[in-house]
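The values are calculated or read from the model by the stated rules, or taken from the named source; none is laboratory data. Quick caveat: nothing in here was measured; it's all calculated off a predicted structure. FYI the Cβ positions are ideal-geometry reconstructions off the backbone, even for glycines, and counts take in every protein chain you see. For the accessible areas, the whole protein counts, side chains as well, though only heavy atoms, and no ligand, DNA or RNA atoms are used. Shrake-Rupley method; radii C 1.70, N 1.55, O 1.52, S 1.80 Å.
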Amino acid sequence: MKKTLLFIACLLLWSTGLFAKGEAPAKPSSKPLITYKTIVYTDSTLTDEIAPKPDNTEGPSRSFGSDLLNVVGNAALGVATGYISSVVDLGIQAIGQLITMDRRHKEEWMETASKECSFTSSLGTLYSINDFYSHGSELGALDPSGIQFNGIGCLATIENDTSFYVSCHLNRQKLNRIKDHSKFELILDTIVINPYHSHLPNSPLPLSFSFAERKTFNFKMTIQIKSSWMDFTPSLHQDEVLGEFVLDIPIDSTDVDENGSFIYIRKAGQEAQYALSGESFIVPRSYMQIPDDSLGLRDHFGTGQYSLAVTVEESCELTPEYQKNWRADRKYRKSLAQDKGKKTSFDEVWKTITRQTWDESLQSWVVTILKAPADYSIKTMNEQLKLK
């Protein structure tokens, strides 16, 4: 069975380009189909581990291979913005005018190239997830029994290549923090980031990422956990932020493999090499009074409703060599912009469809965001999401 799963995982890894040979692929065409996936893991065995024990040992190992089996899909690069497209030839009449124009052109180039050094993607749940706990409680709003939330994973792909994949789970070595402080921590399991398949440079022109031009690719992921509940008073708490987790990783040319990917996989039982900072309170159970057997009312606390907001920020800096070569790059950009009859992704109106489903076989919530240019039919997009 293990050999079979390993074989399937290898096939999927091959399809995502992680084992592909040769140089990093170029950017996709100007009409991509974009897919983001956010996975909310659950585990029904967590409640047994939260009870006080002499030792808190880590649960079953989670790794890139096993989690990627659950979420691999096809997609393409995101919408690009921020390019100053008006590049005009000016006649030279005097040396002073040449110097003035040259300075202005360099300033415009710097402004354009600098704006291309950042991109932000907003992911997360489409609507609230109802069951942080597997069952209700008669004991109180913070009764930890039945906790089943077990972390999240995020995947973005370009065609059949992975742009980024991050997986983190509940830190089982620190489950005592739940009973001591009503808080939990997440631990990083897997990171796969390919700057060559990122959203940078953030331009409508078909420009590819290069470490020779843009140094220190920074990947930052922020996860916020929110909840709404009714307390014992009763008072309504709406979209309260319970906690935040931040992953911030700088990557340079020496950190990527021959295929352009930065890959980290934590081994079971080891501390994470890269910190996922932050913490979160457990989700409060909402208060309710329900009829009891004596025809009276008794206090009841629900299963905990929560939502996730995930933000991914990609950024970089211009290399000194690239800045020195600004004239040649400006000329190259001008040649790309001269094809007025061809639209770029910057010019497109985009459609977005989001689906949130419970996958019984994976015991996970899966949120899929699909983006496509305006000429994609809703029917085609629904077929991609397997909707009728």
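Check segment 200-222 and report whether any residue there is over 25 Å from L318 (Cα atoms), among the polar types (S, T, N, Q) and surrounded by 14 or more Cβ atoms within 10 Å (Cβ to Cβ).
Of all residues in segment 200-222, those over 25 Å from L318 (Cα atoms) come to none.
No: segment 200-222 contains no residue that is over 25 Å from L318 (Cα atoms), among the polar types (S, T, N, Q) and surrounded by 14 or more Cβ atoms within 10 Å (Cβ to Cβ).
Residues in segment 315-335 that are assigned to a strand (DSSP E or B) and closer than 17 Å to E108 by Cα: how many?
Summing the residues that are assigned to a strand (DSSP E or B) and closer than 17 Å to E108 by Cα in segment 315-335 gives 2.
If you check S137 against the conditions, is it within 20 Å of P284 (Cβ to Cβ), open to solvent by less than 10 Å² (accessible area, probe 1.4 Å) and either modelled with pLDDT under 90 or in contact with a Lys or Arg (Cβ under 7 Å, 6 or more places away or on another chain) (or both)? Before the answer, list the steps.
Values: within 20 Å of P284 (Cβ to Cβ): yes; open to solvent by less than 10 Å² (accessible area, probe 1.4 Å): yes; either modelled with pLDDT under 90 or in contact with a Lys or Arg (Cβ under 7 Å, 6 or more places away or on another chain) (or both): yes.
So S137 fits the description; yes.
Scan segment 283-297 and report the pairs whose first residue is closer than 22 Å to D131 by Cβ and of a type in the set (A, V, I, L, M) and whose second residue is open to solvent by 40 Å² or more (accessible area, probe 1.4 Å) and in a loop (DSSP other than H, G, I, E, B), with Cβ atoms within less than 8 Å and a gap of 6+ or a chain change.
Matching pairs, first to second residue: V283/Q305.
Just one of K183, K174 is surrounded by fewer than 20 Cβ atoms within 10 Å (Cβ to Cβ) and in contact with a Phe, Trp or Tyr (Cβ under 6 Å, 6 or more places away or on another chain); which is it?
It is K183.
Hey, among the residues in segment 272-290 that are open to solvent by 80 Å² or more (accessible area, probe 1.4 Å) and under 30 Å from S167 (Cβ atoms), which one's nearest to the chain's Cα centre (by Cα)?
From segment 272-290, those open to solvent by 80 Å² or more (accessible area, probe 1.4 Å) are 273, 281, 288-289; that's our starting set.
Among the residues that remain, those that are also under 30 Å from S167 (Cβ atoms) are: 273, 281.
On the way: Q273: 19, F281: 22 Å.
My answer is Q273.
Here is a yes/no grid of residues against (1) over 17 Å from the mean Cα position of the chain (by Cα); (2) touching a residue at least 40 places away in the same chain (Cβ under 8 Å):
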| site | (1), (2) |
| --- | --- |
| D161 | no, yes |
| N171 | yes, no |
| K174 | yes, yes |
| D180 | yes, no |
| L186 | no, yes |
| V192 | no, yes |
| P201 | yes, yes |
| A212 | yes, yes |
| K215 | yes, yes |
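Conditions: (1) at pLDDT 90 or above; (2) farther than 30 Å from S335 by Cβ; (3) open to solvent by less than 20 Å² (accessible area, probe 1.4 Å). T162 meets all but one. Number of the miss?
Among (1) at pLDDT 90 or above; (2) farther than 30 Å from S335 by Cβ; (3) open to solvent by less than 20 Å² (accessible area, probe 1.4 Å), T162 violates only (1).
Pick from F262, F232: which is under 22 Å from the mean Cα position of the chain (by Cα) and not polar (S, T, N, Q)? Steps first, answer last, please.
On the way: F232 fails: under 22 Å from the mean Cα position of the chain (by Cα).
Going through F262, F232 in turn, just one is under 22 Å from the mean Cα position of the chain (by Cα) and not polar (S, T, N, Q): F262.
When you scan segment 112-122, how many residues do you find that are more than 15 Å from N325 (Cα to Cα) and either in a helix (DSSP H, G or I) or in contact with a Cys (Cβ under 6 Å, 6 or more places away or on another chain) (or both)?
Pass one, segment 112-122, residues more than 15 Å from N325 (Cα to Cα): 115-122.
Applying the additional criterion that residues be either in a helix (DSSP H, G or I) or in contact with a Cys (Cβ under 6 Å, 6 or more places away or on another chain) (or both) yields 115, 117.
Result for segment 112-122: 2.
For residues in segment 232-271 being polar (S, T, N, Q) and open to solvent by 50 Å² or more (accessible area, probe 1.4 Å), which is nearest to N194 (Cα to Cα)?
Looking at the filtered set, the residue picked out is S253.
Among Q363, Q356, Q338, Q323, which is touching a Phe, Trp or Tyr at 6+ places or on another chain (Cβ under 7 Å) and either modelled with pLDDT of 65 or more or more than 25 Å from T222 (Cα to Cα) (or both)?
Only one candidate passes the filter, namely Q356.
Return the residues of segment 126-161 that are of a type in the set (V, I, T) and within 28 Å of D180 (Cβ to Cβ); say none if nothing qualifies.
Matches in segment 126-161: I129, I147, I152.
For segment 229-267, give me the residue count where each residue is in contact (Cβ under 8 Å) with a residue 24 or more places away in the chain, within 30 Å of F217 (Cβ to Cβ) and among the aliphatic types (A, V, I, L, M).
Here the count works out to 7.
Under the condition of being out of contact with any Ser or Thr (no Cβ under 9 Å at 6 or more places or on another chain) and among the aliphatic types (A, V, I, L, M), which residue from segment 270-306 is modelled with the lowest pLDDT?
It comes out as L295.
Cβ-Cβ under 6 Å, sequence separation 6+ or interchain: first residue in segment 268-281 and closer than 12 Å to F245 by Cβ, partner in a strand (DSSP E or B) and among the small types (G, A, S). Which pairs?
Qualifying pairs under 6 Å: E279/G243; S280/G243.
Of all residues in segment 291-314, which are open to solvent by 40 Å² or more (accessible area, probe 1.4 Å) and in a strand (DSSP E or B)?
Passing the criteria: P291, L297, R298, D299, H300, T311, E313.
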